[in-house]
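What follows draws every value from the coordinates through simple rules; no lab data is involved. What you are looking at is a predicted structure, and each value in this text was computed from that prediction instead of being measured. As a convention, Cβ positions derive from the backbone with ideal geometry for all residues, glycine included, and neighbour counts pool all protein chains shown.
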Amino acid sequence: MANENLQTKFTQTFPEGLIDEPLAKYCTLKVGGPADFFCKAKDIETLKNLISFAKENSLPYFLLSGGSNVLFDDKGFRGLTIKIDLKNIEIKDEEITADAGVIVALMMNKALASGLTGFEKWLGLPGTVGGAVRGNAGCNGLETKDILVKATLLNPETGEIHEEKTEYFGFDYRDSKIKHSNEIILNATFRLKKGAPEKIENPRVFTQPKGLSAGSFFKNPSPENPAGALIDKAGLKGTRIGNAQISDVHGNFIINLGGATSKDIKDLVSLAKTTVKEKFNINLEEEVKIVGEK
Ligand SMILES: Cc1cc2nc3c(=O)[nH]c(=O)nc-3n(C[C@H](O)[C@H](O)[C@H](O)COP(=O)(O)OP(=O)(O)OC[C@H]3O[C@@H](n4cnc5c(N)ncnc54)[C@H](O)[C@@H]3O)c2cc1C
């Protein structure tokens, strides 16, 4: 628990700030202990002020958005968790600009309602615009990099805000420059077309395992060796530790069966990594961001 003077200073500075806020509430896995300090950033000024507060008080901070690609520790986070809550959407001609905190599904609906097509392949893609840009998220053959025009970034060190075109982001499979820097995505602009919505046959979302998860837990080591197939061939599908299970539908999904701890999940992650290494000499790398104490 953080010291009481600091807690008072925090709640006085940020009346919407919360102390010891359970992080399980804010992620799709529904796992994780309390954040010492927690606050939503509904505008850029608050975001900057929260970062300054963290720095001035030597607190680590973690930026959270839709929580669909994170695993929080059972002990929570000893620092400040900032939930990006920037929510504006604007449409101009065939481009849509959405703030980082906008849920992708909401942006899709807004585009469709305005007669714009281009996002349909993302049906069922969880998370927000900021999370999608950072991880070059995508599904059904459409990645963020394919339709991103530009994004606005905040440098948390200098407070400088700058706009960058797609090339800047160095996009790769579930990767971007932002993953390896501490820059913060504030909004992003996507290129669409006027027209009738595209019909997507059998969208991936309907074939994915049901239940509480963070999507694919590991990156695919290569297109020939998807992580799910390696885990399956290693005989681990359906393996259960505590209340977490490697899905019996898809080897790359770890499911919280109800009441799982982050330790249950991390033990399954270690098991998958060691077994796949032993059997196939392939290293699995987490796609999900693991936050908090190890
Ligand atoms: C059931 C399920 C299915 C999924 N299927 C897919 C799929 O098909 N394809 C796919 O690509 N992903 C998939 N995912 C993973 C997830 O949807 C994506 O990774 C998504 O883009 C994460 O966005 P988020 O807003 O939830 O990010 P969060 O989980 O909140 O954060 C993820 C990381 O991004 C950072 N971050 C968040 N916002 C910002 C910002 N504004 N600026 C800088 N950094 C930021 C966070 O600090 C964190 O490190 C799936 C997840 C689930 C639960």
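If you wrap the tightest convex hull around every Cα atom of segment 92-203 and split its volume per residue, you get 90 Å³.
Across segment 124-129, computed HN-Hα scalar couplings (Karplus, 6.51 cos²θ - 1.76 cosθ + 1.60, θ = phi - 60°) run x, 6, x, x, 10, 4 Hz from first to last residue, x flagging Gly and Pro. Sequence-ordered 3J(HN,Hα) estimates for segment 30-42 from the Karplus curve with 6.51, -1.76 and 1.60 and θ = phi - 60° stand at 6, 9, x, x, x, 8, 3, 10, 8, 7, 7, 10, 8 Hz, glycine and proline given as x.
Give the distance, in whole Å, between the Cα centre of segment 234-259 and the Cα centre of segment 158-222. Cα centres, segment 234-259 to segment 158-222: 25 Å.
Residues of segment 99-141 with an amide N closer than 14 Å to a point placed 7 Å from the Cα of residue 207 along the Cα-to-Cβ direction: 139-141. Using C-alpha pairs under 8 Å with a sequence gap of at least 6, the mean separation divided by the residue count of segment 89-194 gives a relative contact order of 34 percent. Within the same chain, lysines fewer than 8 places from residue 121 are excluded, and of the rest, those with a Cα less than 21 Å from its Cα are 110, 145, 150, 193, 194, 199, 210, 219.
Rounded to the nearest 20, the Cβ-based charge dipole of segment 210-286 about its Cα centre (Lys and Arg +1, Asp and Glu -1) stands at 80 debye. Treating only the Cβ of Lys, Arg, Asp and Glu as charged (+1, +1, -1, -1), what charge dipole size does the chain show about its Cα centre? Round to the nearest 20 debye. So the dipole magnitude of the chain works out to roughly 620 debye. Computing FRET efficiency as 1/(1 + (r/R0)^6) for residue 157 and residue 286, where r is the C-beta to C-beta distance and R0 is 25 Å, gives about 0.45. For the pair residue 88 and residue 48, label points projected 7 Å from Cα toward Cβ lie 1.4 nm apart.
Taking every DSSP helix (H) stretch of at least 4 residues in the chain, weighting each as -39,500 (n - 2.57) and dividing the sum by the residue count yields a mean residue ellipticity at 222 nm of -7000 deg cm²/dmol. In this structure, the amide hydrogen of residue 150, modeled 1.01 Å from its nitrogen in the peptide plane, lies closer than 5 angstrom to those of 189, counting only residues at least 5 positions away or on a different chain.
Under a Gaussian network description of the chain, with springs only between Cα atoms under 10 Å, the residue in 261, 81, 239 that fluctuates furthest is 239.
Each of 123, 37, 181 was placed along the dipole of the chain (beta-carbon charges, centred on the mean Cα), and the one lying farthest toward the positive end is 123. Scaled against the 2.2 N^0.38 Å expected of a compact globular protein of N residues, the Cα radius of gyration of the chain reads 1.03.
Counting only aspartates and glutamates at least 8 places from residue 237 when in the same chain, those with an alpha carbon closer than 16 Å to its own are 248, 264, 267. Here the ratio of the Cα radius of gyration of segment 172-294 to 2.2 N^0.38 Å is 1.23. A Förster distance of 30 Å, applied to the separation of the beta-carbon atoms of residue 279 and residue 181, puts the FRET efficiency at 0.30.
Charged neighbours of residue 236, selected by a Cβ distance under 11 Å, balance to +3 (K, R count +1; D, E count -1).
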